[in-house]
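Structure first, commentary second.
The values are calculated or read from the model by the stated rules, or taken from the named source; none is laboratory data. Here the structure is a predicted model, which is why all the values come from computation and not from measurement. Backbone-built Cβ (ideal geometry, glycine too); neighbour counts: all protein chains shown. All accessible areas refer to the heavy atoms of the entire protein, side chains included, with ligands and DNA or RNA removed. Shrake-Rupley method; radii C 1.70, N 1.55, O 1.52, S 1.80 Å.
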Amino acid sequence: MINLETPKKFRPLIGQAHQVAMNLLRPNSRKYDQREHEYPKELDMLAAMIDGLSDSGASNGAGAAGVRRSEEEQAAAAAKDEGRTKNGANLASVLSIMEMCWGDVGLLLSMPRQGLGNSAIASVANDEQAERFKGVWASMAITEPGTGSDSANIQTTAVLDGDEYVLDGEKIFVTAGDRCDAVVVWATLDKSLGRAAIKSFVVPKGTPGMRVERLEHKLGIRASDTATIIFDGCRVPKENLLGSPEVDVKQGFAGAMATFDNTRPLVAAMALGCARASLELTKELLEGAGVEIDYDRPALGQSAAAATFLQLESDWEAAYLLTLQAAWKADNREPNSLEASMAKAKAGRVGSDITLRCVELAGSIGYGEHELLEKWARDSKILDIFEGTQQIQQLIVARRLLGLSSAELK
Ligand SMILES: Cc1cc2nc3c(=O)[nH]c(=O)nc-3n(C[C@H](O)[C@H](O)[C@H](O)COP(=O)(O)OP(=O)(O)OC[C@H]3O[C@@H](n4cnc5c(N)ncnc54)[C@H](O)[C@@H]3O)c2cc1C
């Protein structure tokens, strides 16, 4: 049975993440929102601290760097054999990321060595690769000018030439694409073989033939850099292909998609952290203005502001529980694709709704720059877009529930 209390062993980790969010991320939140593209140098110290925690084993999966699937599977199998369930690194990551995003989502996304490419490496790299790419800050490059939601349509090519793959193509909207040490690039080995031929490659920054073309100006998460990267005859050692080079038409996209089962709950957690920040501040403002919020009376019998607030909190709670469930299932080696998409869909949507409604509830205070409510509303939107949009998550959920393939339900 799932236990909904925060596991005791994670409380110190959550407490630490909260301290960092309160003392380092929140105070720098507005500064780097206004200074888009300037590197938040305060994060270097924090990254060193997280590295120290990881080396000592004390972090237990804190941060977005992802969870090494093979190690987690062994631990989950051992727990199962003993008739126990396990609260592991997936749950720890979700809970600590939520705290950090209570501080600032853009700054969390700029944390050195905590990129979404790190999650991909953790999910699919073999032992030798995991060791070789340890400590590397990796971004994830899937999206192309003609390929967003339909990631099976990747046009970037990887051609084996001797002991190297030659990459050609254009990747857009790469989070941390300028600041990272390496990019995990999705490319096809053979377009005629469809999605099964799509593989991911680790390309270290500075590799000849790879260049950052431009940085985006954005609505939200302005502390995070978002890059367009061109690959033009870019050669990487063939050992940089993550996972197996075999094209298994029967397995299709499963290997590549496994990454998302790990990362979608993390993005859901980002939305929850940001939304909780909005709810907490809004509650303070409402109560300061004399609005009474009574948890013992039906919402509709209270003032419109209180009823709205209670509705938003219950939406948040539902998304929170779905996110915990998705992470907990991953920790216990249970298939979680359905739950990961449900969590991402619910948290992405209610995150945007909540932060925008909080702006509304706080009136001019919500809209002005004196408080962070308007910023949180801007920051939330992306969490309903990247790692699979709202509509795509709903499509995945529908396919899973109805037992239909991607060809049968588009
Ligand atoms: C700030 C930012 C950071 C990003 N970071 C990264 C990153 O690090 N790495 C990376 O690879 N990508 C990244 N992305 C790209 C992001 O993942 C894509 O924007 C997203 O996948 C959607 O793709 P698209 O923009 O091409 O939209 P499209 O796929 O063209 O979709 C447009 C609209 O149509 C809807 N739609 C599409 N297909 C269907 C369908 N079958 N049924 C119903 N509705 C549908 C979508 O939900 C969306 O609302 C980032 C984007 C942004 C804005």
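Counting only residues at least eight positions apart within a chain, or on another chain, the aspartates and glutamates with an alpha carbon under 14 Å from that of residue 238 are 128, 161, 163, 164, 246. Each 10 Å bin, from zero up to the one with the longest distance, holds this percent of the alpha carbon pairs of the range 149-197: 24, 48, 27, 2. Summed over qualifying helices (DSSP H, 4 residues or more, each -39500 (n - 2.57)) and divided by its residue number, the chain shows a 222 nm mean residue ellipticity of -15500 deg cm²/dmol.
Counting Lys +1, Arg +1, Asp -1, Glu -1, what net charge surrounds residue 276 among other residues with beta carbon under 10 Å of its beta carbon?
-3
GNM on the chain, alpha-carbon springs under 10 angstrom: the most fluctuating residue among 392, 121, 221 is 392. In the calculated pair-distance distribution of the range 136-242, the portion above 19 angstrom amounts to 38 percent of the Cα-Cα pairs. Put 329, 41, 171 in order of accessible area, highest first, and with a 1.4 Å probe you get 41, 329, 171. Accessible surface area normalised per residue over the chain is 44 Å², counting heavy atoms of protein chains with a 1.4 Å rolling probe.
So for 372, 272, 285, what's the accessible-area order with a 1.4 Å probe, most first?
Putting 372, 272, 285 in descending order of accessible area: 285, 372, 272.
Taking 380, 352, 149 in turn, the Gaussian network model of the chain (Cα-Cα springs below 10 Å) assigns the largest fluctuation to 149. Protection proxy ranking of 293-300, 44-51, 264-271, by the mean of other Cβ atoms within 10 Å over each peptide's residues and highest first, is 264-271, 44-51, 293-300. Which lysines does residue 218 reach when only Cα atoms under 28 Å apart count, and residues fewer than 8 places away in its own chain are ignored? Of all the lysines, those that pass the test against residue 218 - Cα under 28 Å, at least 8 places apart if same chain - are 31, 41, 171, 205, 344, 346, 375, 381.
Show log10 I(q)/I(0) for the chain at q = 0.14, 0.15 Å⁻¹, two decimals, from a solvent-free Debye sum over equal Cα scatterers. Debye intensities relative to I(0), on a log10 scale: -1.30, -1.47.
How about the range 266-340: which GluC sites (Glu not before Pro) there are in a DSSP loop, with at most 14 other Cβ atoms within 10 Å of their Cβ?
292
Amide hydrogen proximity for residue 175: with H placed 1.01 Å from N in the peptide plane, the residues at 5 or more positions away or on another chain lying under 5 Å are 140, 227. The DSSP beta bridges internal to the chain are antiparallel in roughly 85% of cases.
The local environment of residue 260, defined by Cβ-Cβ distances under 10 Å, has a net charge of 0 under the rule Lys, Arg +1 and Asp, Glu -1. The mean of 1/r over all pairs of different alpha-carbon atoms in the range 254-402, once inverted, gives a Kirkwood hydrodynamic radius of 16.0 Å. In this structure residue 195 has an accessible area near 100 Å², from a 1.4 Å probe over the protein heavy atoms. Can you give me the % of accessible surface on the chain that is carbon or sulfur? Probe 1.4 Å, all protein chains present, nothing else counted. C and S atoms contribute 53 percent here. Ordered from highest to lowest accessible area with the whole protein assembly present and a 1.4 Å probe, 191, 199 read as 191, 199. When nucleic acids and ligands are ignored and a 1.4 Å probe is applied, residue 134 ends up with an accessible area of around 140 Å². Using the Cβ of residue 162 as centre and a radius below 11 Å, the other residues enclosed give a net charge of -1, where K and R count +1 and D and E count -1.
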